[in-house]
Amino acid sequence: MAAVQGGLVDAVEEKNLKSESAADGLTNNSANDGRALSTSPGSSSSSGSSKAAAAGPPEDQQTLLAVLQFLKKNKLTESVDILRREAGLPEDSLDGKGADSSGTGTGGAAGSGEFGGGDASSLLSRVTVSASQASSKAAGAEDQPDVNVVLSAYSQQGDPPLYDVYYSGLKKFIETVLDCHRAELSQVFYPLFVHMYLELVYNNHETVAKAFFEKFSGDQECYYADDLRVLSSLTKKEHMRGNETLLDFRTSKFVLRISRDSYQLLKRHLQERQNNQIWNIIQEHLYIDIFDGMPRSKSQIDAMSGSLAGEAKREANKTKVYYGLLKEPEIELPLDDEDEEAENEEGKPKKKKPKKDSMGSKSKKQDPNAPSQNRIPLPELKDSDKLDKIMYMKEATKKIRLGPDNLPSICFYSFLNAYQGLTAVDFTDDSSQVAGGFADSTVRVWSLTPKKLRKVKSAADLNLIDKESDDVLERIMDEKTASESKILYGHSGPVYGISFSPDRNYLLSSSEDGTIRLWSLQTFTCLVGYKGHNYPVWDTQFSPHGYYFVSGGHDRVARLWATDHYQPLRMFAGHLADITCTRFHPNSNYVATGSSDRTIRIWDVLNGNCVRIFTGHKGPIHALAFSNNGKFLASGATDGRVLLWDIGHGLMVGELKGHTDTIYSLKFSRDSEILASGSMDNTVRLWDAMRAFDDLETDDFTAATGHVHLQDNSQELLLGTYLSKSTPVIHLHFTRRNLLLAAGAYNP
């Protein structure tokens, strides 16, 4: 894989982009505006240049001194000396009372403005909190300062027995308003219910809290059932400390999108009744995104609801996204073998066929929605890459044009006797190999062609080879090692994610052991173990251009890596629960992540910013797929629904219902005419993606509410359902000729 000169890599050393992108990922994503402590992993290190801190404002210097005191307190003397030298501070700088002014904590906590106090201990406590979050631990002793800060917000607000009266009064009011406002105002029930319940528990009114929960929990929407189950277990103040769900809910303001008329109605009612209890909760814990125009209907609200922190603010999806494809490199397509032979017989010089000049001919003009070629540094094409492109172009000429009347053939690979527990599958782009990740911590690779898998010869044998010979690439392979499959050992936990590099030389695997491993498919050995996640890594994927890859896991932070760097280049922080799936955009400039917080986020690789937040799923998201033209995104979740998103406008544009279980894989055909979905319900379903996107009314996108009215036309868009005997579908892949490959482990 070619190394990339300059760009992202150099910038990491020069500008400390790791901490910068972590802060960006937090401060720019709108669902996190109300977080008290939005630090990201890695943010405990002093961000930016230390020298700048020493020469900057006094509060920056005080913060730096607080960090030095913290390091000294933990006997990290070498780190103290290095940081002090880099910052240009004198040796006696720590002897006096160095940190006595109120500065903000380092990293993402800077500027949160939620901490008072101006002595050294308050600064140190902030650094401690930042450091504990840097290790991404959601529970434990290190998190106590964070938990105490969060829970202190639940101070006594009113008379406990009156909570029932307050809530009942609001409920009665909302049930009597006009129908057009009722659906919108009903959105406040769930966040109010949760915060009032937690307030009662925190203030030790256990009996009142239990009665409140039993009386009103049944009124909440069905898609909050899992959250309510967790909430019901919090019956004492002690239970609240270190509880992930509680911290998520408290530190992120619940976002509601309400029309101005409905909001004024609610505000007037609360002011007339002098219901300060509820009004205080709304102001402190809720973010109401007010829009001008007609109130939304119940179906429109339900389509976008269901995530852990409510809907996304409209501003979150206003950033311009360059979703177009990069211009293809112009590669001359050589003549077919039979044409060459015919021409050579006549003794004429070889000519190029004009009709097969270049696959990039249709994209000669730069797409106005595409990023510039050098927006992020991409690896240069090697000769082997160019040969592969030529093969791809030849295959493309034989590609089957799919449509409602011409569905793809489906080839299903069943993993039989997979007692090791199949957890992940991937196919190479040319469909010549398949790899499986297993719960016994192994990775297995199979050849799908008559060509067997071979290792490179030993160093001693390689010295004997004539390096100038034409077939040197064939000679370096050791025939004695040829076999149909290879097993890769190295992980110490189940392998949950797997991804082939575009050039088929490397394989990535991510595991419960918190590491991502890069394997060579020439030697079938592990080249690198990337350590950055502290918890299981649920998914990893190579960029379509190679070199970069993305990973996401239980620590809620997605990381962007380069194969030749052992530390991440970017950290995308903002999700409120595990990141369960990751996908690169076809132009490699963006990364999509799906999470157990029931949201999808799209991140800009260049600066680490969150540029899109999509809500609407009612369960954890397990499948993502970009259309090959880069305009659309499909997502699948445990709720059995496939949602379609327009990336440019930042809106949901379709809902496909039919699956009865978790959707684990989604794939668009090579020309994005067909969308295939694979599920734990043992079926593969084909959908008419072309029609789903063509039916969109462009006027819908300019609606003041920023919401499209979805048609319930799933049955019309469903082209076929294909049932396996008893095999959940965990991966799908379209070959270069549009044959659909599916894979899963037979479940007897």
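The values are calculated or read from the model by the stated rules, or taken from the named source; none is laboratory data. If you're wondering where the values come from, they're calculated on a predicted model, not measured in any experiment. FYI the Cβ positions are ideal-geometry reconstructions off the backbone, even for glycines, and counts take in every protein chain you see. Ligands, DNA and RNA are stripped out before the accessible areas are found, and what is left, the full protein with its side chains, is counted by its heavy atoms. Shrake-Rupley method; radii C 1.70, N 1.55, O 1.52, S 1.80 Å.
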Surface accessible to a 1.4 Å probe, residue 613 within the full protein complex, Å²: 10 Å²
Skipping prolines and chain starts, which residues have an amide H placed within reach, meaning under 5 Å, of the one on residue 572, given they are 5 or more residues away or on another chain? 558, 559, 560
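For the pair residue 78 and residue 522, what calculated FRET efficiency results from E = 1/(1 + (r/R0)^6), where r is the Cβ-Cβ distance and R0 = 25 Å, to the nearest 0.05? Display every interim value, and only then the final one.
Details: r = 40 Å, r/R0 = 1.59.
For residue 522 and residue 78, the calculated efficiency is 0.05.
Using a Förster distance of 25 angstrom, determine the FRET efficiency expected from the C-beta separation of residue 475 and residue 452, and round it to 0.05. Walk me through the intermediate numbers first.
Numbers: r = 16 Å, r/R0 = 0.64.
The value I calculate is 0.95.
Quick one: net charge around residue 379, please, counting Lys, Arg +1 and Asp, Glu -1 for every other residue with C-beta under 14 Å from its C-beta. Spell out each step's value before the answer.
Details: positive: 382, 386, 389; negative: 380, 383, 385, 388, 503, 564.
Result for the local shell: -3.
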Could you sort 213-219, 650-656 so that the peptide with the highest average Cβ count within 10 Å comes first and the rest follow in order? 650-656, 213-219
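Please give the contour-minus-distance gain from residue 489 to residue 410: 0.36 nm per residue of separation, less the Cα-Cα distance, rounded to one decimal in nm.
Details: separation 79, 0.36 × 79 = 28.44 nm, distance 3.16 nm.
Taking residue 489 through residue 410 to full extension adds about 25.3 nm, to one decimal.
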Would you kindly find the accessible area of residue 690, with a 1.4 Å probe and non-protein molecules such as ligands, DNA and RNA excluded, rounding to the nearest 10 Å²? 80 Å²
Probe 1.4 Å - accessible area at residue 268, Å² to nearest ten: 120 Å²
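Between residue 221 and residue 162, 0.36 nm times their residue separation minus their Cα-Cα distance comes to what?
Numbers: separation 59, 0.36 × 59 = 21.24 nm, distance 2.38 nm.
Contour length minus the Cα-Cα distance gives 18.9 nm.
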Under a point spin-label approximation (7 Å from Cα along Cα-to-Cβ), what is the residue 386-residue 273 distance to one decimal in nm? 7.4 nm
Holding the Cα-Cα limit at 23 Å, pick out from 327/399; 320/389; 618/667; 320/531; 389/451; 618/657 the pairs that are longer than that. 320/389; 320/531
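Arrange the residues 223, 530 by how much accessible surface each exposes, largest first, with a 1.4 angstrom probe. Present the calculation step by step, with values, prior to reporting the outcome.
Numbers: 223 35, 530 0 Å².
Ranked list, largest accessible area first: 223, 530.
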Largest first, how would 627, 232 line up by accessible area (1.4 Å probe)? 232, 627
Ranked by accessible surface with a 1.4 Å probe, highest first, in what order do 230, 201 come? 230, 201
Interchain or sequence-distant (5+) residues whose placed amide H lies within less than 5 Å of the amide H of residue 407 are none
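Tell me the net charge near residue 673. Cut-off is 12 Å between Cβ atoms, residue 673 excluded, with +1 for each Lys or Arg and -1 for each Asp or Glu. Provide the component values of the computation, followed by the final result.
Working: positive: 399, 401, 670, 691; negative: 405, 671, 688, 694.
Counting the neighbours of residue 673, the net charge comes to 0.
Given a Förster distance of 30 Å, report the FRET efficiency between residue 462 and residue 395 from their Cβ-Cβ distance, rounded to the nearest 0.05.
Efficiency computed from Cβ-Cβ geometry: 0.40.
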Whole-Hz Karplus ³J(HN,Hα) for region 65-75, in order, using 6.51 cos²θ - 1.76 cosθ + 1.60 and θ = phi - 60°, x for Gly and Pro? 5, 5, 4, 4, 5, 5, 5, 5, 4, 8, 6
Measure off 7 Å from each Cα along the Cα-to-Cβ vector at residue 661 and residue 237, then give the distance between these two points in nanometres to one decimal. 4.6 nm
